[in-house]
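Student: I'd like to ask you about the structure that follows.
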Amino acid sequence: MAATGRPGFMVYFMDWAPLDALDDAQFRAVFRAAFRYAQTGVTESLEDTVADIALKMLLPRLDHDQKRYEAIREKRRDAGRLAHADKSQNVPTNTANINTTGSPNINTTASGNVNSMASPDPRIAELERLKQKFIVEEGEEVV
């Protein structure tokens, strides 16, 4: 197990009974060694046999949790890459209507009116043309 930026490690309730049987010095030695192992991956052999046994009981769980953490981290990294790739490939489909000149959009509607607020979308222009088609010459709309 090597240092990976993992924020810490877990101690499970099922491990409490054996750890609670240790005296304070043994308990401290086990946890100091467990912290160093979680950070660096270096296994220590403790002088106290009971403390050494308790540490060896914790190490497989630390390894298991490290592998699980790395697997989750990799899945999230891949998901982030996929989400980012989808966004970066999401370009407008009708690039011919994008204003690249920097000047304001001034469009002419189908009836010939200049409309600075008109959309450059050709579908809107077609709707304007159809709307004009259904207007009676006196200015009344056909319903």
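Every number in this text was worked out from the coordinates using simple rules, so none of it is lab data. The model shown is predicted, which means the values in this text are computed figures rather than measured ones. Using ideal geometry, Cβ is built from the backbone for each residue, glycine included, and neighbour counts are taken over all protein chains shown.
Student: Taking neighbour counts of Cβ atoms within 10 Å as a proxy for exposure, in what order, fewest first, do Ile72, Ile53 appear? Mind dumping the intermediate values first?
Tutor: Numbers: Ile72 10, Ile53 14.
Final ranking by Cβ density, sparse to dense: Ile72, Ile53.
Student: Could you give the length gained by full extension between Arg28 and Arg77, i.e. 0.36 nm per residue of separation minus their alpha carbon distance, to one decimal place?
Tutor: Numbers: separation 49, 0.36 × 49 = 17.64 nm, distance 3.59 nm.
Full extension of this stretch gives 14.1 nm more.
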